[in-house]
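A.B. asks: Starting off with a structure, shown below.
Just so it is clear, none of the values below were taken in a lab; they were calculated from the coordinates. Worth saying up front: this structure is predicted, and the values here are computed from it rather than measured. Cβ coordinates were reconstructed from backbone atoms using ideal geometry, including for glycine residues, and neighbour counts include every protein chain displayed.
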Amino acid sequence: QVQLVESGGGLVQPGGSLRLSCAASGSIFSIYRMGWYRQVSGKQRELVARITTDGIANYADSVKGRFTVSREYAGNTVYLQMNSLKPEDTAVYYCNAETPRKDYWGKGTLVIVSS
């Protein structure tokens, strides 16, 4: 089992920055990729960014050049640095951890981009 706890959400003005963190615990040795997804009410959850244990990252086109995903060397914490935030980035952001058996999800953290 893997447990994920997100932090760092909040209210920010357009053009501002936020940093999300996700700490994993439990069977972290089985995690091969961690990342962030987001969901707006009434829409499907979508990939924002993810990173493998080897440091290979990929991003949604909508956040390329603005968001950066990173992972601690120990591998149990993943970050999402969000810059130049736009109102359309408003969503609940979920941490995700992939293992060979199943995916795990955090409870989510709300990000609101508004003036």
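A.B. asks: Looking at the square roots a ≥ b ≥ c of the eigenvalues of the Cα gyration tensor of region 1-64, which shape do they give, rounded for a/c under 1.5, prolate if a/b is larger than b/c, or oblate?
C.D. replies: Note, shape of region 1-64 comes out prolate.
A.B. asks: For the chain, compute the orientation-averaged projected area of the C-alpha convex hull (one quarter of its surface), in nm².
C.D. replies: 6.7 nm²
A.B. asks: Same structure, new question: Taking the alpha-carbon distance from LYS86 and a cut-off under 20 Å, which lysines remain once sequence neighbours fewer than 8 residues away in the same chain are dropped?
C.D. replies: Of all the lysines, those that pass the test against LYS86 - Cα under 20 Å, at least 8 places apart if same chain - are LYS43, LYS64.
A.B. asks: OK, next. With θ taken as phi - 60° and the coefficients 6.51, -1.76 and 1.60, list the Karplus ³J(HN,Hα) couplings across region 37-54 in order, rounded to whole Hz; mark glycine and proline as x.
C.D. replies: Values per residue, Gly and Pro as x: 10, 9, 9, 9, 3, x, 10, 6, 5, 10, 5, 9, 6, 8, 8, 8, 5, 8 Hz.
A.B. asks: Do any chymotrypsin sites (Phe, Trp or Tyr not before Pro) in region 40-96 lie in a loop, going by DSSP, with at most 14 other beta-carbon atoms within 10 Å of their beta carbon, and if so which?
C.D. replies: Answer by residue number: TYR73.
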